[in-house]
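The values are calculated or read from the model by the stated rules, or taken from the named source; none is laboratory data. If you're wondering where the values come from, they're calculated on a predicted model, not measured in any experiment. Virtual Cβ from ideal backbone geometry, glycine too; neighbours counted across all protein chains shown.
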Amino acid sequence: MRIGEIIETNTLGFVARSDALHEHPPLGSLVKVRGPEGKDYAYAVVSFGQTASPEPGRRAVARGGEGIHDEAVYQAHPQLPHILQTEFHATLVGCVEGGRIRQHLPAQPPRLHYDVLACSPDEVRTFSERLPYFRLLLNAPAELPGEQLLAAHIRATYRQREDDAAWLERAAREAAALLKGDYERLMSVLHGIDPE
């Protein structure tokens with residue numbers, strides 16, 4: 001299912017405009033980029049989301065006591081989608097090469113206007129069988145610290161994998177190996193993924 005369109009792109013990730021106001025994929029969720037002819041091009045992890053005015057430096061105006069959170073208000077004020085927009089940022093963690101999913105950055109970033117789609121639970125399960133892409137998440141420049149992004153991704157993947165405890169344990173071990181020299185960051189991940 002399409003959830004957005006790429007409006008800014010670079011070697012490490014992209015920004016997409018959401019197809020629906022106030023709706024972007026959950027932080028840490030896996031999404032995919034679909035290129036021409038309906039071919040999957042790349043995989044990314046959602047690293048940030050916001051709803052704001054499309055004009056740089058301009059904030060949305062408060063509407064007062066009348067909330068604008070339900071569909072009836074948007075129908076009564078059809079200009080709202082034009083004065084507000086929802087965007088999300090995503091960090092690239094894989095690509096499709098020769099029909100195979102690879103867990104490294106694509107040789108070229110995805111192009112502007114490519115579609116962004118939510119990954120199905122089966123796609124998440126397949127992509128997350130191997131975990132080398134965790135290093136990309138930890139080291140990617142993003143709006144939040146890498147360990148918080150990794151923890152959010154592990155939580156989202158754990159839910160998509162139907163609370164797969166064996167996978168969660170494997171993910172925790174991988175995080176521990178990557179952060180063995182940084183106790184504070186490791187503890188941040190471990191606390192963030194504790195299912196209890």
Matching residues, the stretch 109-130, being closer than 22 Å to T11 by Cα and either buried (at least 18 other Cβ atoms within 10 Å of the Cβ) or under 14 Å from the mean Cα position of the chain (by Cα) (or both): P109, P110, Y114, D115, V116, L117, A118, C119, F127, S128
Residue match in the stretch 140-147 (condition: under 24 Å from A118 (Cβ atoms), in a loop (DSSP other than H, G, I, E, B) and either modelled with pLDDT of 95 or more or charged (D, E, K, R) (or both)): yes
Which numbered condition T86 fails, given (1) closer than 30 Å to P36 by Cβ; (2) surrounded by fewer than 11 Cβ atoms within 10 Å (Cβ to Cβ); (3) at pLDDT 65 or above: (2)
Tally of residues being assigned to a strand (DSSP E or B) and either within 17 Å of R135 (Cα to Cα) or touching a residue at least 24 places away in the same chain (Cβ under 8 Å) (or both) across the stretch 85-109: 14
Within the stretch 1-56, considering residues that are at pLDDT below 95, small (G, A, S) and not in a loop (DSSP other than H, G, I, E, B), the one nearest to L131 (Cα to Cα): G38
Sole residue being touching a Phe, Trp or Tyr at 6+ places or on another chain (Cβ under 7 Å), crowded, with 19+ Cβ neighbours inside 10 Å and in a helix (DSSP H, G or I), chosen from A156, A171, A175, A152: A175
